[in-house]
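The values are calculated or read from the model by the stated rules, or taken from the named source; none is laboratory data. None of these values were measured; they are calculated from a predicted model. Note: ideal-geometry Cβ built from the backbone for every residue, glycine included; neighbour counts use all protein chains shown.
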Amino acid sequence: MEIFESLLAGLRTVCADFPDARRSPDPELDYSMADIGLSAFSLFFMQSESFLSYQRRLEKGHGTSNCHSLFGMKKIPTDNYIRLMLDPVSPESLQPCFDQVIKQLRERDGLKVFQRLAGRTLVALDGTEYFCSQKLSCPQCLTRKRANGKSEHYHAMLAATIVAPGHNMVLPLMPEFITPQDGAEKQDCERNAAKRWLNAHQARMADLHPVYLGDALFSCQPLAEAVLASGADFLFVCKRDGHKTLYEFIEGAPLDQHTVSERKPGKRTLTYRYRWIEAVPLRDGKDALSVNWLSVTISDEKGKVTYDGAFVTSLPITAENVVEIAACARARWKIENETFNVLKNNGYNLAHNFGHGNNYLARMFATMNLLAFAFHTACDCLETLWQQARQALGTRKGFFQDFHAICSYVVFASWKHLIETLITGKAAPST
């Protein structure tokens, strides 16, 4: 577990540098910011809200705990003190940890499994909510009124995730939060957050040669131009009702076509029909951006259409690459299925209120949740022992249930000792 321990050491260094403006004069509450940050992160990494309470119990009985031996903490802070101390800390402080995940994957060829289109990296952008309440609010909340006249307060973010067609892993990146902006008359929105994300991460992403994926909300000229200005390309969903000028342009125009039939498991045969045209206007007006349009229709043996979608892109389309480009465009769904669905319904509990705070707390916890997911993906890609444990325990849910359960009753000397125990089912004496 050398690679993961390196990532954890980097996180410890970052947490140690968190601003510590509220240090208590009480020696009993004199925790380091490293202990506070790692305590919060451990909940998300272990996928257990009760992890710290179990470790406090182990500490009373054994004089030590997995917080000490695995996460390197000196003392375990109380839950309330963790919230108090993290509320003033900006989640952007964790950016170096996301950078370190990419660095580890790049150095060990772990990014190759995500690359498509001759070395390009697909980054899906999409917004999601992670908190909503009619009672609890803070200055960072967005608001809306429901049909019943009641106001809701909520938190949302623009997520960015590395995805790839034909690959079941995804890699979350640092998000951009959708929050009230100083001096802005209108409430912040997903498109504005996407522009800020592109501007903030342009240099960081350059070596990955990104192609950005997005739903129909993103297929507008300002966002397309922002992507191109960052030196990247885009593949955005394009719906007829939102692009009247574009569809009028291609109506009756000669389209290039390519058809492929593919035998699927269960002896099904699906027919893929691709159509495309280059250099069409994204919108009305002389300054309209010229884009390439692509559609893919999938039908079964009886001719029933099972999928029909269209996209606009800055990538050149040919008969040789149209199949791969379409597959990459459709991989956009992975940010919803393999990212948001997993984060909200499969252990990470993204939408759970771990702590709201008045400043950054809710955002910090959401970022730590994404960082834990990124660390898990790095282990899935690079750590042999971790991979063996995942295989031995079957499902993701089963793996993390056993992961948490065994750490609730046994203190392990190292991550290697813990993961080997998960593989063999035998807890050798800790040394």
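Screening T313 on (1) in contact (Cβ under 8 Å) with a residue 24 or more places away in the chain; (2) out of contact with any strand residue (DSSP E or B) (no Cβ under 6 Å at 6 or more places or on another chain) shows it passes everything except condition (2). S295 meets the conditions (1) in contact with a Ser or Thr (Cβ under 8 Å, 6 or more places away or on another chain); (2) at pLDDT 95 or above in every case but one. The failed one is (1). Within the stretch 183-203, not a single residue is modelled with pLDDT under 95, assigned by TED's automatic domain parsing to the domain that holds I335 and touching an Asp or Glu at 6+ places or on another chain (Cβ under 7 Å).
Scanning the stretch 390-409 for residues that are over 23 Å from the mean Cα position of the chain (by Cα) and surrounded by 16 or more Cβ atoms within 10 Å (Cβ to Cβ) gives L393, D402, I406, C407, S408.
Residue-level analysis places G309 outside the set of residues that are over 19 Å from the mean Cα position of the chain (by Cα) and within 23 Å of C15 (Cα to Cα). Output yes when any residue across the stretch 362-383 is among the aliphatic types (A, V, I, L, M), part of a helix (DSSP H, G or I), more than 28 Å from Y130 (Cα to Cα) and touching a Gly at 6+ places or on another chain (Cβ under 6 Å), and no when none is. Among the residues of the stretch 362-383, at least one is among the aliphatic types (A, V, I, L, M), part of a helix (DSSP H, G or I), more than 28 Å from Y130 (Cα to Cα) and touching a Gly at 6+ places or on another chain (Cβ under 6 Å), which makes the answer yes.
Each row is one residue, and each column tells you yes or no for (1) in contact with a strand residue (DSSP E or B) (Cβ under 8 Å, 6 or more places away or on another chain); (2) of a type in the set (D, E); (3) assigned by TED's automatic domain parsing to the domain that holds F41.
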residue	(1), (2), (3)
N349	no, no, no
N353	yes, no, no
G357	no, no, no
L370	yes, no, no
G398	no, no, yes
D402	no, yes, yes
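For L122, the conditions (1) hydrophobic (A, V, I, L, M, F, W, C); (2) more than 25 Å from K186 (Cβ to Cβ); (3) surrounded by fewer than 17 Cβ atoms within 10 Å (Cβ to Cβ) are fulfilled apart from (3). Counting only strands (runs of 3 or more DSSP E) that fall entirely inside the stretch 104-177 and contain at least 2 residues that are under 30 Å from Q387 (Cβ atoms), the qualifying elements are 120-133, 151-163. Against the test of being over 27 Å from F41 (Cα atoms), crowded, with 17+ Cβ neighbours inside 10 Å and not assigned by TED's automatic domain parsing to the domain that holds S6, the options V170, V211 yield a single qualifying residue, V211. For residues that are in contact with a Phe, Trp or Tyr (Cβ under 8 Å, 6 or more places away or on another chain) and surrounded by 14 or more Cβ atoms within 10 Å (Cβ to Cβ), scanning just the stretch 230-249, find the one that is farthest from R120 (Cα to Cα). Only one residue fits best here, namely L246. The single condition among (1) surrounded by fewer than 18 Cβ atoms within 10 Å (Cβ to Cβ); (2) touching a residue at least 12 places away in the same chain (Cβ under 8 Å); (3) out of contact with any Phe, Trp or Tyr (no Cβ under 9 Å at 6 or more places or on another chain) that C328 does not satisfy is (1). You will find that of S48, S39, the residue that is crowded, with 21+ Cβ neighbours inside 10 Å, in the same structural domain as Q387 (by TED's automatic domain parsing), under 16 Å from L370 (Cα atoms) and at pLDDT below 95 is S48 and no other.
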